Amino acid sequence: MLAVSHTDRVFVLSGAGVSAESGIPTFRGVGGLWRNHPIEEVASPVAWERDPRLVWEFYSMRRRVASAAEPNRAHFALAKLEQNLEGRLFLCTQNVDNLHEQAGSKRVVHMHGELFKSRCDTCSRPPFEDFNFCEPPAEIPRCDCGGRIRPHICWFGEAPFEMDRIFRALEKCTVFMAVGTSGVVEPAASFVACVAGRARTIYVGPEKPANLSSFTQCHMGKAEEVLPGLLDIP
Ligand code: OAD
């Protein structure tokens, strides 16, 4: 069991493995391919310029899959941990689905964006909730300014969101736990190295991550099987 004292500040980094049992395939699990396209080919600014329709087809498929998914015991355990820690949990997810929120987590930082939000590719209109386009749009949707509406996702080659807040939370944390993430995609893969040596560092997942050497504890197994026991949340 993970002992967390009333002075500990816990940073959790979740990855695709947390949503795997909810039916959302991981990236490395499908070989990084969608319809024989490497994911980078449909999730990048270059792809958006070359073929925005293909990009929307990919994200419409992902919206469809995510809208049928339900949170699993790992999401619920992390939501309960947030309640128990009363403001001392920082939950940073690389996942773009909303399963942490569906499980009851209130403060989730989506460093790679959110599947059910869109934004304009031209003007500074803030990202907005968008549950449309579970089927690909017939025409690329347009903003009032004439720009094109794109998914609010951090694509390859773009900067992740909320990095200032994330680094401030990393500086303060005394416990760092990564769950269901392969440890290969930067900058998230290096978060553990930022805190190693001064925070307890824990990995949870069925396979060893690429950055395993920075962790002090590794709990092998599926997140939904390991987390409830590890966090003592039935
Ligand atoms: P990956 O697909 O790289 O890795 C998924 C990890 O989840 C692997 O280490 C699996 O062993 C583990 N896993 C599988 N089933 C699991 C389970 N039931 N419980 C726990 N772990 C399980 O996914 P990420 O590391 O999240 O970025 O990928 C990081 C980023 O790469 C993604 O956010 C995405 C992608 O490019 C963007 O879209 C910007």
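The values are calculated or read from the model by the stated rules, or taken from the named source; none is laboratory data. All figures in this text were calculated on a predicted structure; none of them were measured in a lab. Note that we place each Cβ from the backbone using ideal geometry, even for glycine, and neighbour counts take in every protein chain shown.
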Has the range 178-193 got any residue that is acidic (D, E) and more than 8 Å from the ligand (Cβ to nearest atom)?
yes
Looking at the range 99-106, is at least one residue of a type in the set (D, E, K, R), outside any helix (DSSP H, G or I) and over 22 Å from S182 (Cβ atoms)?
yes
Can you tell me which of L89, L115, L99 is within 16 Å of the ligand (Cβ to nearest atom), touching a strand residue (DSSP E or B) at 6+ places or on another chain (Cβ under 8 Å) and not β-branched (V, I, T)?
L115
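Residue by residue, here is whether (1) crowded, with 18+ Cβ neighbours inside 10 Å; (2) under 30 Å from G104 (Cα atoms); (3) free of Cβ contacts under 8 Å to residues at least 24 places away in the same chain holds:
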| residue | (1), (2), (3) |
| --- | --- |
| D8 | no, yes, no |
| W34 | yes, no, no |
| R62 | yes, yes, no |
| A77 | yes, yes, no |
Based on what the data block shows, is V96 surrounded by 23 or more Cβ atoms within 10 Å (Cβ to Cβ), part of a helix (DSSP H, G or I) and touching a residue at least 24 places away in the same chain (Cβ under 8 Å)?
no
Mind checking which pairs have a first residue in the range 152-181 that is basic (K, R) and a second that is part of a loop (DSSP other than H, G, I, E, B) and more than 13 Å from the ligand (Cβ to nearest atom), Cβ under 9 Å, 6 or more apart or different chains?
K172/R9
Only unsatisfied item for E57, checking (1) in contact (Cβ under 8 Å) with a residue 24 or more places away in the chain; (2) touching a helix residue (DSSP H, G or I) at 6+ places or on another chain (Cβ under 7 Å); (3) among the acidic types (D, E); (4) not assigned by TED's automatic domain parsing to the domain that holds I166, is (2)
